[in-house]
Amino acid sequence: MKEKTIKKKFEKLYESETPKPKLLRNCFRAFWTGGLICTIGQIIYNILIAFGISIEQAKVYLPIIMIFIGASLTGLGVYDKIGDYAGAGSVVPITGFANSVVSPAIEHKNEGYILGVGAKIFTIAGPVLAYGITSSIIVGIFYYFMRW
């Protein structure tokens, strides 16, 4: 009985001291920051097209450039600040994926290149890749039999 009252007191104290999230502000920040990242991607795409690169090649180069930008900003410590400000708005675009791969590599660099960087580089992105590849295989097999 005493344990339940202590637990209830703790829950009450926790609720009173925990800051309430500012949902409208957080949603706005995520929306405009994610939109800005995507707009930068569109500008790069338009520049590639303006330089005479074919649409097919531009579609290949754009993710490479955006991943490079995301990884570089992570290495410089800028992407973490963007993430603190924008929350999910910085995670959704492809630059967020680059950040999720580079961050563990930087964090575990002092453990060596094999056991540190090599072992930890996909700790966050690994499950995303595994489930993404697995689900695409399942959908592909399903699509194959549906067309057959």
Exception for Asn110 within (1) within 24 Å of Thr39 (Cα to Cα); (2) at pLDDT below 85; (3) surrounded by fewer than 15 Cβ atoms within 10 Å (Cβ to Cβ) falls at (1)
Of the residues in the stretch 113-148, those that are open to solvent by less than 100 Å² (accessible area, probe 1.4 Å), among the β-branched types (Val, Ile, Thr) and over 29 Å from Tyr61 (Cβ atoms) come to Ile141
Note to self: When you check Glu15 against the structure, is it part of a helix (DSSP H, G or I), open to solvent by less than 100 Å² (accessible area, probe 1.4 Å), out of contact with any strand residue (DSSP E or B) (no Cβ under 7 Å at 6 or more places or on another chain) and of a type in the set (D, E, K, R), yes or no?
What the structure shows: no
Note on the stretch 76-98: residues open to solvent by 30 Å² or more (accessible area, probe 1.4 Å) and either farther than 20 Å from Leu62 by Cα or of a type outside the set (A, V, I, L, M, F, W, C) (or both) are Leu76, Val78, Asp80, Lys81, Ile82, Asp84, Tyr85, Gly87, Ala88
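The values are calculated or read from the model by the stated rules, or taken from the named source; none is laboratory data. Given the structure is predicted, the values throughout are model-derived calculations rather than measurements. Because the Cβ atoms are built from the backbone with ideal geometry, glycine has one as well, and the counts that use them run over all protein chains shown. When the accessible area is computed, the model is the full protein with side chains, heavy atoms only, and any ligands, DNA or RNA have been set aside. Shrake-Rupley method; radii C 1.70, N 1.55, O 1.52, S 1.80 Å.
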